[in-house]
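A.B. asks: Take this structure, written in structure tokens, and hold onto it; I'll ask about it next.
The values are calculated or read from the model by the stated rules, or taken from the named source; none is laboratory data. Remember, it's a predicted structure, so these values are computed and weren't measured experimentally. Here the Cβ positions follow ideal geometry from the backbone for every residue, glycine too, while neighbour counts run over all protein chains shown.
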Amino acid sequence: MRHDSSVLQCVEAFKSIPEQSIAALDAVRGNGGIVAGVYCIYAPSELIRATGAVPVGLCGKKQAPIEAAERELPAAFCPLVKSSYGYAVTDTCPFFGLSDVLVAETTCDGKKKMYELMARLKPLHVMQLPHTQGGEEPRRYWEASLHALEEFLVANGAYPADEESLAREIALHNRMRAKLAAVLRLGADPRSPLGGLDLLAVQESKGFLVDIEGYVELLARLEAALESWLAGPDGAPHPGPRLLLTGVPVGKGSEKAVRIAEELGARVVFMENCSGVKALDIPVDEAMSPYEALAARYLAIPCSCMSPNPGRRKSLAELGRAFRVDGVVDLTWLGCHTYNAESRQVQRWVEEDLGLPLLHLETDYSDADAEQLRTRIEAYLELIR
Ligand code: SF4
Ligand code: SF4
């Protein structure tokens, strides 16, 4: 009998990426390069890399630093904002320590007021994100914001992006996003040995990359291992309900809802959030001028901070149908007004487009409500089974 060991070995390799990145980022700085800490997928990674800087994700996903953050921030802020700030003020995140500069976007009120405080700690550039996607004006504005970001990076030790390096980074990021999307699609097969927590490790590691080519190679290895497993006779379909997770980003430390759902026998097959597949299907148009194409691509990201946010409905409908999910879970962090408010619309979209009921969960990073969540998820699984 064959084993799924080659698939699981690959997943272990993804789990080790954040740890390995610490040494790699240290080496970047040792060689005179700069590291740019980023907090959101609106940060244009291609441009940052084309200036010779290396972006690294700093989003706080753990409860531990929140207490320190609450000495300065309102307790009612979302845990992601508080955890990110807590890591910064306590200097307990190695990636924050390794960041020479910070790149921030005004996606929501909590983040934008938090960045005002964080700017005391390191050089920080705020990109004022337009909160609407329609028409030429927001795109032109965002294009100008890309140039302003480049000027900030150059003033802090990076170099101006040339056409060749921009084109190379755009092509590489397009390739990386397409390969990751292909792997996640295979992972959603009913016979895949990968659960939601495995998918999380694969997805989350993309925020810590120094060597993108190496990541693409690892994705190709996982793709080949999954294809071989799925072509063989041993993979039995997972018996539990198949869930699509949407809403706020999750990661190691904030994966409570995914863990509980899978402990109750469900399988989270796809995460339509920005730590998952959100915007992986939006490439940068390589035929356009690079700044224009980058501005268009990044502004099209369907986050709830956009008004309106039609891309989320489209993406939920496509993923829900393509992967024949049995249920949709909409996760909102307490204190996140945009995701919370949008959940009423998401419920309608999921009912109209997929004919499914929605489970809306509002929670934070603590375990205080774990039993309450378990009861609600259990009742939902009973409903859709
Ligand atoms: S949910 Fe939206 S604002 Fe928050 S990190 Fe993701 S893309 Fe950025
Ligand atoms: S989850 Fe909501 S409130 Fe928290 S950082 Fe993201 S958009 Fe802002």
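A.B. asks: Considering only the range 99-108, I want to know if a residue exists there that is within 16 Å of ligand 2 (Cβ to nearest atom), modelled with pLDDT of 95 or more and either of a type in the set (D, E) or exposed (fewer than 15 other Cβ atoms within 10 Å of the Cβ) (or both). Show your work before the answer.
C.D. replies: Let us first name the residues in the range 99-108 that are within 16 Å of ligand 2 (Cβ to nearest atom), namely 102-108.
From what is left, the residues that are modelled with pLDDT of 95 or more are 102-108.
Keeping just the survivors that are either of a type in the set (D, E) or exposed (fewer than 15 other Cβ atoms within 10 Å of the Cβ) (or both) gives 105.
Within the range 99-108, one or more residues are within 16 Å of ligand 2 (Cβ to nearest atom), modelled with pLDDT of 95 or more and either of a type in the set (D, E) or exposed (fewer than 15 other Cβ atoms within 10 Å of the Cβ) (or both).
A.B. asks: Another one. Quick one: would you say Q128 is under 23 Å from V248 (Cβ atoms), within 16 Å of ligand 1 (Cβ to nearest atom) and surrounded by fewer than 16 Cβ atoms within 10 Å (Cβ to Cβ)?
C.D. replies: Details: under 23 Å from V248 (Cβ atoms): yes; within 16 Å of ligand 1 (Cβ to nearest atom): yes; surrounded by fewer than 16 Cβ atoms within 10 Å (Cβ to Cβ): yes.
In short, yes.
A.B. asks: Could you give every pair whose Cβ atoms fall below 9 Å, whose first residue belongs to the range 342-354 and is in contact (Cβ under 8 Å) with a residue 60 or more places away in the chain, and whose second residue is among the β-branched types (V, I, T), counting only separations of at least 6 or pairs across chains?
C.D. replies: Sorted first by the residue in the range 342-354, then by its partner, the pairs are S343/T332; V346/T246; V346/V328.
A.B. asks: Step by step: first the residues of the range 233-254, then only those that are touching a Leu at 6+ places or on another chain (Cβ under 6 Å) and part of a loop (DSSP other than H, G, I, E, B), then the one that is farthest from ligand 1 (Cβ to nearest atom). Which residue is that?
C.D. replies: The qualifying residue farthest from ligand 1 (Cβ to nearest atom) is P241.
A.B. asks: If you don't mind, there's one more thing I want to ask. Out of E262, E227, E204, E286, I need the residue that is charged (D, E, K, R), farther than 30 Å from S99 by Cα and touching a residue at least 60 places away in the same chain (Cβ under 8 Å). Which one?
C.D. replies: Selected residue: E262, the only one of E262, E227, E204, E286 that is charged (D, E, K, R), farther than 30 Å from S99 by Cα and touching a residue at least 60 places away in the same chain (Cβ under 8 Å).
A.B. asks: If you check R344, R348, R385, R374, which single one turns out to be modelled with pLDDT under 95 and surrounded by fewer than 18 Cβ atoms within 10 Å (Cβ to Cβ)? Full working, then the answer.
C.D. replies: Values: R344 fails: modelled with pLDDT under 95; R348 fails: modelled with pLDDT under 95; R374 fails: modelled with pLDDT under 95.
Answer to the selection: R385.
A.B. asks: Can I ask one more? Farther than 26 Å from C78 by Cβ and in a helix (DSSP H, G or I): which single residue out of R348, R313, R321, R376 fits that description? Give the steps one after another, and end with the answer.
C.D. replies: Numbers: R348 fails: farther than 26 Å from C78 by Cβ; R313 fails: farther than 26 Å from C78 by Cβ; R376 fails: farther than 26 Å from C78 by Cβ.
Going through R348, R313, R321, R376 in turn, just one is farther than 26 Å from C78 by Cβ and in a helix (DSSP H, G or I): R321.
A.B. asks: Next question. Within the range 261-303, how many residues are away from ligand 2 (no atom under 16 Å from the Cβ), part of a strand (DSSP E or B) and either within 13 Å of the chain's Cα centre (by Cα) or on the phi > 0 side of the Ramachandran plot (or both)?
C.D. replies: 1
Yes/no per residue for (1) surrounded by fewer than 20 Cβ atoms within 10 Å (Cβ to Cβ); (2) of a type in the set (V, I, T); (3) under 20 Å from the mean Cα position of the chain (by Cα):
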position: L222; (1), (2), (3): no, no, yes
position: G232; (1), (2), (3): yes, no, no
position: P241; (1), (2), (3): no, no, no
position: L244; (1), (2), (3): no, no, yes
position: G247; (1), (2), (3): no, no, yes
position: V250; (1), (2), (3): no, yes, yes
position: G253; (1), (2), (3): yes, no, yes
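A.B. asks: Count, please, the residues in the range 351-371 that happen to be closer than 14 Å to C78 by Cβ and either among the charged types (D, E, K, R) or in a helix (DSSP H, G or I) (or both).
C.D. replies: 2
A.B. asks: What are the residues in the range 279-297 that are within 15 Å of ligand 1 (Cβ to nearest atom) and out of contact with any helix residue (DSSP H, G or I) (no Cβ under 7 Å at 6 or more places or on another chain), if any?
C.D. replies: The answer is A279, R297.
A.B. asks: Could I ask something else about it? Among the acidic types (D, E) and without any contact (Cβ under 8 Å) to a residue 60 or more places away in the chain: is that true of E362 in this structure? Let's see the steps before the verdict.
C.D. replies: Values: among the acidic types (D, E): yes; without any contact (Cβ under 8 Å) to a residue 60 or more places away in the chain: yes.
In short, yes.
A.B. asks: I would also like to ask the following. Output the residue which, of all residues in the range 37-75 that are hydrophobic (A, V, I, L, M, F, W, C) and within 16 Å of ligand 1 (Cβ to nearest atom), is farthest from V154 (Cα to Cα). It would help to see each step written out before you state the result.
C.D. replies: Residues of the range 37-75 hydrophobic (A, V, I, L, M, F, W, C): 38, 40-41, 43, 47-48, 50, 53-54, 56, 58-59, 64, 66, 68-69, 73, 75.
Going one step further and asking which of them are within 16 Å of ligand 1 (Cβ to nearest atom), we end up with 38, 40-41, 43, 48, 56, 58-59.
Working: V38: 16, C40: 21, I41: 21, A43: 16, I48: 10, V56: 17, L58: 21, C59: 24 Å.
Looking at residues that are hydrophobic (A, V, I, L, M, F, W, C) and within 16 Å of ligand 1 (Cβ to nearest atom), I get C59.
A.B. asks: Can you report the number of residues in the range 58-98 which are over 21 Å from G207 (Cα atoms) and near ligand 2 (Cβ under 10 Å from one of its atoms)?
C.D. replies: Within the range 58-98, residues that are over 21 Å from G207 (Cα atoms) and near ligand 2 (Cβ under 10 Å from one of its atoms) number 1.
A.B. asks: How about the range 152-162: which of its residues are free of Cβ contacts under 8 Å to residues at least 60 places away in the same chain and surrounded by fewer than 17 Cβ atoms within 10 Å (Cβ to Cβ)? Before the answer, list the steps.
C.D. replies: Of the range 152-162, the ones free of Cβ contacts under 8 Å to residues at least 60 places away in the same chain are 152, 155.
Residue satisfying the conditions is A155 alone.
A.B. asks: Ok, one more. If I ask for residues that are touching a Pro at 6+ places or on another chain (Cβ under 7 Å) and within 13 Å of ligand 2 (Cβ to nearest atom), which ones from the range 315-333 would you list?
C.D. replies: Within the range 315-333, the first condition is being touching a Pro at 6+ places or on another chain (Cβ under 7 Å), and the residues that meet it are 315, 326-327, 333.
The answer is W333, and nothing else.
A.B. asks: Kindly indicate whether any position in the range 156-168 is of a type in the set (S, T, N, Q), more than 25 Å from H337 (Cα to Cα) and out of contact with any strand residue (DSSP E or B) (no Cβ under 9 Å at 6 or more places or on another chain). Lay out the reasoning, then the answer.
C.D. replies: Of the residues in the range 156-168, the ones of a type in the set (S, T, N, Q) are 156, 165.
When the remaining residues are screened for being more than 25 Å from H337 (Cα to Cα), the result is 156, 165.
Now restrict to residues that are out of contact with any strand residue (DSSP E or B) (no Cβ under 9 Å at 6 or more places or on another chain): 165.
For the range 156-168, residues of a type in the set (S, T, N, Q), more than 25 Å from H337 (Cα to Cα) and out of contact with any strand residue (DSSP E or B) (no Cβ under 9 Å at 6 or more places or on another chain): present.
A.B. asks: Can you tell me which residues in the range 304-314 are in contact with a helix residue (DSSP H, G or I) (Cβ under 8 Å, 6 or more places away or on another chain) and either modelled with pLDDT under 95 or within 16 Å of ligand 2 (Cβ to nearest atom) (or both)? Talk me through it step by step, then tell me what you get.
C.D. replies: Initial filter on the range 304-314 (in contact with a helix residue (DSSP H, G or I) (Cβ under 8 Å, 6 or more places away or on another chain)): 304-305, 309, 312-313.
Those that are in contact with a helix residue (DSSP H, G or I) (Cβ under 8 Å, 6 or more places away or on another chain) and either modelled with pLDDT under 95 or within 16 Å of ligand 2 (Cβ to nearest atom) (or both): S304, C305, N309, R312.
A.B. asks: What pairs come up if the first residue lies in the range 163-182 and is without any contact (Cβ under 8 Å) to a residue 40 or more places away in the chain, the second is exposed (fewer than 15 other Cβ atoms within 10 Å of the Cβ), and their beta carbons are under 9 Å apart, counting only those six or more places apart or on different chains?
C.D. replies: Listed by first residue and then by second, the contacts come to nothing, as the list is empty.
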